[in-house]
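I have placed the structure first, in the form of structure tokens, so that the comments after it can refer back to it.
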Amino acid sequence: MRLVLFEPDIPQNAGSLIRLGACMGVAVDIVEPCGFVFSDAAMRRAGMDYLGHAEVVRHVSWSAFIAQATGRIVLATTRPAMPYADFLFAPDDSIVLGRESAGVPDAVHDRADARLRIPMKSGLRSINVAQAGAMILGEALRQTRLFP
């Protein structure tokens, strides 16, 4: 299982998700370009002292990520989609989280094997991407019994 951050905008969110990946034993893919300078120093400033414990793979583009991806592409989205807790996860799924500012383009939506949403109170836009990633990854690890 993998967490995929598509062109992340906010280093603190990327840092939180990398820390989550490190603690859960899940690789994190960063699809560039990022909205910030991605470096060890930037991640330390974001409170990310777990970088050395994380498996982080950087990709220069969505195409570069897709070229090496295995398993299903599972997209977290605010568009109409299946509730994440109703989805049957597999151990080799890649859970894709979009940019904080813009989500993902249609090409990424079109490539996804599944599109998942977090059901929430009407009239509200979205949950923070790091929190959404933690919720979905937690359910995926629970279902597949892959918690460390």
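Bear in mind these aren't lab numbers, they're just calculated from the coordinates by the rules spelled out. All figures in this text were calculated on a predicted structure; none of them were measured in a lab. Because the Cβ atoms are built from the backbone with ideal geometry, glycine has one as well, and the counts that use them run over all protein chains shown.
What to note about this one:
- Averaging 1/r across all pairs of distinct Cα atoms in the chain and inverting the result yields a Kirkwood radius of 15.2 Å.
- Dipole-positive endmost among M135, P11, A107 within segment 2-144 (Cβ charges, Cα centre): M135
- Given charges at beta-carbon only (K, R positive; D, E negative), |dipole| of the chain in Debye: 360 debye
- For segment 2-144, the relative contact order works out to 29 percent when only alpha carbon pairs closer than 8 Å and six or more residues apart are counted.
- Positive minus negative residues near D106 (Lys, Arg vs Asp, Glu; Cβ under 13 Å): +2
- Taking a Cβ cut-off of under 13 Å around G21, the surrounding Lys, Arg, Asp and Glu residues balance to a net charge of 0, with basic ones at +1 and acidic ones at -1.
- Sorted by Cβ neighbour density within 10 Å, fewest at the top, the residues T144, T77: T144, T77
- Stokes-Einstein D for segment 79-130, Kirkwood Rh over Cα pairs, 37 °C, 0.692 mPa s (µm²/s): 264 µm²/s
- Cα centroid separation - segment 65-84 against segment 108-148, whole Å: 10 Å
- Ranked for footprinting exposure by Cβ neighbours inside 10 Å, fewest first, D110, D9 give D110, D9.
- In order along segment 126-141, the phi-based Karplus estimate (6.51 cos²θ - 1.76 cosθ + 1.60, θ = phi - 60°) of 3J(HN,Hα) comes to 6, 9, 3, 4, 5, 5, 4, x, 5, 5, 5, 4, x, 5, 4, 5 Hz; Gly and Pro are listed as x.
- Counting beta carbons within 10 Å around each of R99, R125, R142 and listing the fewest first gives the order R125, R142, R99.
- Largest GNM mean-square fluctuation among L88, L17, L51, using the chain with Cα springs under 10 Å: L88.
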